[in-house]
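Report on one structure; see the data block that follows.
The values are calculated or read from the model by the stated rules, or taken from the named source; none is laboratory data. These numbers come from a predicted model, not from an experiment. Every residue, glycine as well, gets a Cβ built from its backbone with ideal geometry; the counts of neighbours run over all protein chains shown.
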Amino acid sequence: MLRVNVVGAGKVAQTLMLLFQKSDRIRVQSVYSRSPESADGAVGLAGVGQAVTRLSDMEPADLWLLTVPDDQITAAAEALVDSGAEPSVVIHCSGFFSSQALAPLAQAGWQVASCHPVLSFADPQTARDQFTGTYCAVEGDAAAVALISDLIVQVGGQPFPVSADKKALYHAAAVFSNNFAVVLQAIAAEAWSEAGVPDVVAAALGDKLLTGAAANVARLGPVAALTGPAARGDQDVLTRQGAEVSAWHPEAGEVYRAMSHLAGRLKASGKTLPDDD
C-alpha cells in the first residue's frame, strides 16, 4: 500500500485524490492547505484522507504531493523541511518549474521529481473522468521518477520523460499547441465578424476548420497538413492580405506576417527553425 500525503488542496490535488480513491493500492493520508476549508473540501469531495491544520501534524508517507501554485513550490518545500517531516519522495505538478524548485527538500535528503499531467483541471470530477490516457511529463531523481511513473500508470496515465533544463520550453510548447490556438480562433471570429459573416456561420466555420486541421495534423503531420497561401508560395496574396489585416488590427497583422513567414519555411524545409547556416 502506497501511503500518500497531499500539500495544497486545489483542483489538481482534488483530481489526483479522486483518482487515488479508486485504487486499493494507494492510501491518501494527511491533506494540508493554508486554508483549512480547502483541505476539508478536498477530503469531502474525494472521500479519502484526513485534513490537518499544520504540516507538523502530517503522518510519515511514501510519497508527498506538493500541489501548490507554481510561485509557492519552493516556499512549501522550505516549510516542509522546517516541519521536521521524515525524508521521503516528494513531487510537484508544475509544467513550468523543474524538480530543482524542490531543492530545499533535496538538500535535506528527500528524493525529488516533477510530474505534469497534460490535462485541463478546470473541474476535478471531469478531469478524473478524462484522465485515462493522459500524458504526464516526469523528471527528477531516478527513485522519485520511478515511483511517480508507476503511480501514474496505476491510475491510467502515460508518463514520459522531459529534460529538466528545458522544462520552460516544454511548457511553452503546450501554450503554443493549446492556449495560442484559442487566441487564433478568437482573431478569426473577430475577422469574420468584421467581414460581415453572421456569428452562427462564423462559429460553424471555426469549428469545421479547426477540427479538420487537428485531424489532418494527427494523421499527416504538420508539413503535409499545411495549406493556404504561404504553403502555395503566393506572395502577392500574402502581401495584400497582410496589409488588409494590419489596417483592421495592427497586432493581428504582426501575427499574420510572422505566421506566414514560419508557414512558408515549414513547407519549404519541414521545420519552423531556421537552418543553422
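Results, tabulated for the structure shown:
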{"read-out": "Test set (1) touching a residue at least 12 places away in the same chain (Cβ under 8 Å); (2) surrounded by fewer than 20 Cβ atoms within 10 Å (Cβ to Cβ) - LEU105 fails condition number", "value": "(2)"}
{"read-out": "Residue selected from the stretch 7-65 under the condition of a type in the set (Phe, Trp, Tyr) and outside any helix (DSSP H, G or I), by the criterion surrounded by the fewest Cβ atoms within 10 Å (Cβ to Cβ)", "value": "TYR32"}
{"read-out": "Residue match in the stretch 183-192 (condition: within 27 Å of SER120 (Cβ to Cβ), among the charged types (D, E, K, R) and either surrounded by 15 or more Cβ atoms within 10 Å (Cβ to Cβ) or in contact (Cβ under 8 Å) with a residue 40 or more places away in the chain (or both))", "value": "yes"}
{"read-out": "The listed residue being crowded, with 22+ Cβ neighbours inside 10 Å and either at pLDDT 95 or above or of a type outside the set (Phe, Trp, Tyr) (or both), out of VAL90, VAL81", "value": "VAL90"}
{"read-out": "Hits in the stretch 114-133 (condition: surrounded by fewer than 18 Cβ atoms within 10 Å (Cβ to Cβ), at pLDDT 95 or above and of a type in the set (S, T, N, Q))", "value": "GLN125, THR126, GLN130, THR132"}
{"read-out": "The stretch 218-236, residues that are assigned to a helix (DSSP H, G or I) and either of a type in the set (S, T, N, Q) or within 20 Å of TYR256 (Cα to Cα) (or both)", "value": "PRO222, VAL223, ALA225, PRO229, ALA230, ALA231, ARG232, GLN235, ASP236"}
{"read-out": "Number of positions in the stretch 15-58 that are polar (S, T, N, Q), in contact with a strand residue (DSSP E or B) (Cβ under 7 Å, 6 or more places away or on another chain) and farther than 22 Å from MET1 by Cα", "value": "0"}
{"read-out": "Strands (runs of 3 or more DSSP E) contained in the stretch 105-210 and holding at least 2 residues in contact with a Ser or Thr (Cβ under 6 Å, 6 or more places away or on another chain) and either closer than 25 Å to ALA42 by Cα or outside the structural domain of GLN21 (by TED's automatic domain parsing) (or both)", "value": "111-117"}
{"read-out": "Among the residues listed as VAL201, VAL237, VAL245, the single one being surrounded by 15 or more Cβ atoms within 10 Å (Cβ to Cβ) and farther than 30 Å from VAL4 by Cβ", "value": "VAL245"}
{"read-out": "Count of residues meeting criterion [outside any loop (DSSP other than H, G, I, E, B), surrounded by 15 or more Cβ atoms within 10 Å (Cβ to Cβ) and not hydrophobic (A, V, I, L, M, F, W, C)] in the stretch 66-77", "value": "2"}
{"read-out": "Matching entry among GLU190, GLU244 (being farther than 30 Å from GLN100 by Cα, under 29 Å from the mean Cα position of the chain (by Cα) and of a type in the set (D, E, K, R))", "value": "GLU190"}
